[in-house]
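Input: a single structure, listed below in structure tokens.
The values are calculated or read from the model by the stated rules, or taken from the named source; none is laboratory data. Everything numeric here is computed off the predicted structure, so don't read it as measured data. In this analysis, Cβ positions are derived from the backbone assuming ideal geometry, glycine residues included, and neighbour counts consider all displayed protein chains. Side chains are part of the model used for accessible areas, which takes the heavy atoms of the whole protein and leaves out ligands, DNA and RNA. Shrake-Rupley method; radii C 1.70, N 1.55, O 1.52, S 1.80 Å.
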Amino acid sequence: MRAGCIARLLLASVLWLSVAGTPLAEKFDEELTVRPLRDGKVASKFSFKTLLKGASPRDPRSIGADDVSQHYTVFPLALGQILREYAVTELHLSLNAGKWDYDRWGYPEEPGVGIGAELWAWMGDGAQLSIDDRWKGLRNALAGLFCASLGSLDEQRTTSPARSFEPEGDLPDWGIPHRIRHASLPSEHVCTENLTPFLKLLPCKSFSGIASLLNPHRLFDADWHGMSVHVLWREDEGVEIRLTFQSVSDPLRTSSGRKQDWSFRSLFDRTIDRTCPVAGSSRVEVTLPTYGAYSINPEPTSVEEGQARFHVANATKPLDLGLHLEGDFEYLAGFDSPITPFSAQRTLRGSSQAHGQLSLVLINHRNAPLHVVYLETMPWLVQFYLHTLQIHIDGSRRDDAMSDMMYIPAVPHSRPATFQCVLALPPGGTLHLTMDVAKSFLRYTEHPPDAQRGWDLPPAVLSLFDPSSNGSLEYPTNKRFYTPTLLVDLATPDFSMPYNVIIFTCSLIAFIFARKNEKKTLFMGNCTLTSGELHTAGTCPAQSTRLNRRGREWRRSPIVINCVYPVIINFACYLVGAIDHYSISLSLLRLCETTRRYERDISHPRGWI
């Protein structure tokens with residue numbers, strides 16, 4: 001009997017291997033980089049990379065047919081199924097909270113640091129389902145996976161800016177073109193509900209390895225934080241998925257003195273207790289200070305070019321890496337001088353709710369000319385007047401400073417506007433671009449719940465451009481510069497008028513209801529009628545006395561007068577969302593008065609109808 005069971009198990013294993021085929025090789029690496037910033041803050045970046053060797057994206061022309069079976073061990077299955085279902089070649093998703101300070105912190109290691117949510121993907125054309133249909137299914141699937149409002153990235157926020165968002169990996173040569181879809185939602189922020197599904201995509205979750213340092217209580221208390229997901233294909237390697245989390249902490253704020261010292265315990269309130277068993281490499285890289293005396297504990301595995309490297313697998317557990325600097329922190333001379341080649345300032349001027357002016361100021365901090373690709377993706381709420389566009393450099397009108405302009409006008413309730421051009425900045429010069437805009441008038445049903453706050457406009461995207469195309473530019477051209485978001489004030493109706501109408505209506509309904517149900521809300525006192533006079537066993541105030549057919553007294557119940565009627569009014573107001581603190585307080589006062597009168601009536605009992 002036992003031999004037969006073993007034989008059947010072996011046969012099942014052989015059949016499964018024959019169907020599944022040879023599984024693809026998978027590799028998982030994790031890394032943590034920590035670097036001090038000039039203003040005393042500390043930037044951290046968690047990176048978890050999974051490589052599916054020899055794999056390739058799905059050909060969109062095969063959608064509708066049975067897909068090739070995918071067997072993953074380390075590669076996240078939930079994300080892999082979405083990529084195969086919608087034939088996505090390259091995917092980038094970021095969720096950020098806070099403003100990245102380019103002047104003081106420089107370029108981030110992950111370029112997607114725009115405020116809110118940003119999603120862009122490259123997909124092959126030519127499938128039975130159009131790219132727009134697959135884009136819609138992709139964003140809805142990712143919204144459910146990461147518990148984010150990505151479903152709001154509809155056609156009213158979707159654009160195709162191929163020049164500013166070039167593919168970071170390779171695109172397969174299928175003989176069909178590839179298209180890009182990009183959308184952003186500046187009002188979306190990363191939270192714990194987004195970090196939890198993010199950790200579930202890791203093979204070791206947050207139980208071991210570097211991921212065990214991802215403490216949401218400390219990460220979301222940072223001055224800036226953001227998470228991102230990147231999926232791309234490299235022809236000579238395979239499909240790569242990279243999960244990253246970046247944060248900028250302030251040890252000066254959390255320490256008792258002006259110390260820039262930090263450790264895993266002070267930054268994340270956790271230590272690394274175990275190594276992730278499936279990680280091919282697990283290392284920590286720390287950028288050492290270039291000034292002052294310091295000490296680092298424990299001793300690094302190696303030090304190369306100012307970078308201290310630690311191999312978590314060989315380190316003593318628990319690992320609580322820390323850097324101690326001698327003396328108090330002092331700002332260096334010129335710490336406010338910008339690090340990036342240029343700075344940008346974007347504003348929306350004008351106090352009118354119908355018109356305004358968009359302003360962009362670019363300052364070149366180098367002694368060499370720069371060419372910047374300027375991209376604006378503006379919702380249809382704000383419309384551009386291109387004939388009012390003006391460019392001034394150091395106070396002089398320079399229309400020749402703009403080239404390669406591309407403009408796609410907005411369609412109300414359907415498509416946003418896309419404006420893209422190349423701006424030429426002279427050495428050490430300041431460029432000032434202005435353009436008049438019109439603010440749309442919305443229906444009252446199109447306003448958000450917090451209509452008085454305004455509407456968030458997505459950030460502009462700037463990137464360096466090399467016109468020579470020979471790679472002679474000494475500054476990176478693959479880095480994007482995100483400006484802060486804008487808040488636009490549109491014409492808003494007076495939503496307080498419906499509130500007043502509701503209050504008066506509810507009061508009127510309660511008054512009519514009380515009069516119609518008066519007989520049902522009275523109680524009878526124990527009074528008798530003798531010789532045309534009224535005698536009672538208790539006290540019957542003459543001003544509230546009424547006689548029924550039998551000569552007994554009718555009195556209105558204080559419970560109904562002082563409790564039921566206010567409750568009816570407040571409940572009606574609550575149903576329409578118009579209840580306020582005043583009505584609640586009034587109900588409580590009347591309820592207390594009702595209780596006191598009811599206790600008095602108990603001491604002098606009367607008969608009830």
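Applying a DSSP loop filter and a limit of 10 other Cβ atoms within 10 Å to the GluC sites (Glu not before Pro) in the stretch 308-384 leaves GLU326.
Each residue of the stretch 101-108 was assigned a 3J(HN,Hα) from its phi angle through the Karplus expression (A = 6.51, B = -1.76, C = 1.60, θ = phi - 60°), giving 8, 5, 5, 9, 9, x, 6, x Hz with x at Gly and Pro. Taking the square roots of five times each eigenvalue of the Cα gyration tensor of the stretch 99-199, the equivalent ellipsoid has semi-axes of 25, 19, 13 Å, listed largest first. Averaged over residues, the count of other Cβ atoms within 10 Å places the peptides 51-64, 493-506 in the sequence 51-64, 493-506, highest first. Using 1/(1 + (r/R0)^6) with R0 = 30 angstrom and r between the beta carbons of THR271 and ARG453, what's the FRET efficiency to the nearest 0.05? That pair, THR271 with ARG453, gives E of 0.15.
Under 5 Å between amide hydrogens, built in the peptide plane, is the criterion, and for PHE342 it picks out HIS365 among residues at least 5 positions away or on other chains. Mean sequence separation of contacting Cα pairs (under 8 Å, at least six apart), scaled by the length of the stretch 260-354, corresponds to a relative contact order of 34 percent.
The reciprocal of the average 1/r between distinct C-alpha atoms defines the Kirkwood hydrodynamic radius, which for the stretch 290-410 equals 20.5 Å.
Our Cα-only numbers for the stretch 236-323 put the radius of gyration and Dmax at 15.1, 51 Å. For the stretch 297-307, putting each phi into the Karplus relation 6.51 cos²θ - 1.76 cosθ + 1.60 with θ = phi - 60° gives couplings of 9, x, 5, x, 5, 7, 10, 9, 6, x, 10 Hz, in residue order, rounded to whole numbers and with x for Gly and Pro. What pairs from LYS45/LYS317; LYS259/LYS317; LYS27/LYS259 go past 31 Å between their alpha carbons? The pairs that break the limit, which is 31 Å between Cα atoms, are LYS27/LYS259. For LEU332, the accessible surface of its heavy atoms amounts to roughly 90 Å² (probe 1.4 Å, protein chains only, rounded to the nearest 10).
Across the stretch 98-170, the relative contact order, built from alpha-carbon pairs under 8 Å that are at least six residues apart, equals 18 percent. Once the Kirkwood radius over Cα pairs is known for the stretch 357-476, the Stokes-Einstein relation at 10 °C and 1.306 mPa s delivers a diffusion coefficient of 99 µm²/s. For the stretch 18-94, would you read off the P(r) tail past 21 Å as a percentage of all alpha carbon pairs? Of the Cα pairs, 45 percent sit more than 21 Å apart. The accessible surface of the stretch 250-359, taken with every protein chain in place and a 1.4 Å probe, is 48 percent carbon and sulfur.
Our coupling estimate for the stretch 37-54, obtained by passing each phi through the Karplus curve with A = 6.51, B = -1.76, C = 1.60 and θ = phi - 60°, is 10, 5, 8, x, 7, 10, 9, 10, 9, 9, 10, 10, 10, 10, 10, 9, 5, x Hz, Gly and Pro reported as x. Surface exposure of the stretch 67-159, expressed per residue as accessible area with a 1.4 Å probe, stands at 35 Å².
Under 5 Å from the amide H of SER281 lie the amide H atoms of GLU30, each residue being 5 or more positions distant or on a separate chain, with H modelled from the backbone and absent for Pro and chain starts.
Counting only protein chain heavy atoms and rolling a 1.4 Å probe, the accessible areas of ARG415, ARG309 rank, largest first, as ARG415, ARG309.
Taking the Cβ of SER212 as the centre, find all other residues whose Cβ is under 10 Å away and add up their charges (Lys, Arg: +1; Asp, Glu: -1). Here the count lands on +2.
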